[in-house]
Structures are given as C-alpha cells and as structure tokens.
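A quick write-up on the structure given underneath.
The values are calculated or read from the model by the stated rules, or taken from the named source; none is laboratory data. Please read these numbers as outputs of a predicted model, since none were measured by experiment. Here the Cβ positions follow ideal geometry from the backbone for every residue, glycine too, while neighbour counts run over all protein chains shown.
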Amino acid sequence: MRREYISKEDESKHLSLDAIAIDLAKQRRLIAKEYDKSSEHPTVEQMFIRQAIKFLTPKQRAVWEYHNYDRLTQDEIAEKLNITQQVVGKHIKAIEKRIAKWCKSNMGAYELLKKDYLGLDK
C-alpha cells in the first residue's frame, strides 16, 4: 500500500477517513433518534387534514407549513414572508376556520376513510 504524506498545512484542510467514518456514524445515530415511526404511516386524521390543506390559498399554505411543519414562531414567519406578525396571526385564524369548515362539510368522507384505513366493517 502506497502512502501519501501531507504537509501540516494541508493536513488541516483534509479529513481523515476515520474522522469521516465517525462523523457519518454520528449522523446516522442522530437520524435514527429523530426518525419517528408514526410519521411513516399517517393517522386517518392527519390524512384528512392534508386533504383540507389543499384548499388553502398559497399564502395560507406557506403560513401553515412554516407554523406546523417548521415550527416557526409568528415573528419568524412574518420575517420570512415579509408581512407583519399581526397578519400572520390573522392568517392562522383564517386557516383554522377554513380547515374546520372543510372538515365539517366532509365528515362523511372522514368516516369512510376511517373505515377503509382501519379495516373496520360494521
């Protein structure tokens, strides 16, 4: 096996294979910790809400995703979307009303989805 020698200056620029392997192992452990098996198979309610989200406006959908998926505060969302925190709050209230209205008008579909998903035959 041929060895290449690296000067001390160049050594700081390169990672050893051992360092890379250790780093990869740490990343795998972090990913394994963060992996949530429940997210692999969404609940009936999660699938139902995902359908309701499709009926939001593009701005509402952006606020929803930042608020629920990225877990940003209203101030952070406002900064990202270049709107005020008060407008973000109004969007969140409007989103909740719209989703509630959609869910209420689609309860029959929810019951069918629940039966189908859970395999319940009554």
Return yes when Ile77 is under 21 Å from Gly108 (Cα atoms), in contact (Cβ under 8 Å) with a residue 12 or more places away in the chain and among the β-branched types (Val, Ile, Thr) and no when it is not.
no
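Give the number of residues within region 38-58 that are surrounded by 14 or more Cβ atoms within 10 Å (Cβ to Cβ) and either in contact with a strand residue (DSSP E or B) (Cβ under 9 Å, 6 or more places away or on another chain) or not β-branched (Val, Ile, Thr) (or both).
Going residue by residue through region 38-58, those that are surrounded by 14 or more Cβ atoms within 10 Å (Cβ to Cβ) are 44, 47-49, 51-53, 56.
This time we only want the ones that are either in contact with a strand residue (DSSP E or B) (Cβ under 9 Å, 6 or more places away or on another chain) or not β-branched (Val, Ile, Thr) (or both), so: 47-48, 51-52, 56.
Matching residues across region 38-58 total 5.
Yes or no: region 73-81 includes at least one residue that is at pLDDT 90 or above, under 21 Å from Arg61 (Cβ atoms) and either of a type in the set (S, T, N, Q) or in contact with a strand residue (DSSP E or B) (Cβ under 9 Å, 6 or more places away or on another chain) (or both).
Pass one, region 73-81, residues at pLDDT 90 or above: 73-81.
Adding the requirement that they be under 21 Å from Arg61 (Cβ atoms) leaves 73-81.
Then drop every residue that is not either of a type in the set (S, T, N, Q) or in contact with a strand residue (DSSP E or B) (Cβ under 9 Å, 6 or more places away or on another chain) (or both), which leaves 73-74.
Yes, because at least one residue in region 73-81 is at pLDDT 90 or above, under 21 Å from Arg61 (Cβ atoms) and either of a type in the set (S, T, N, Q) or in contact with a strand residue (DSSP E or B) (Cβ under 9 Å, 6 or more places away or on another chain) (or both).
Within region 87-120, which residues are outside any helix (DSSP H, G or I) and either touching a Leu at 6+ places or on another chain (Cβ under 6 Å) or not hydrophobic (A, V, I, L, M, F, W, C) (or both)? Full working, then the answer.
Taking region 87-120 as the starting set, the residues that turn out to be outside any helix (DSSP H, G or I) are 106, 119-120.
Matches in region 87-120: Asn106, Gly119.
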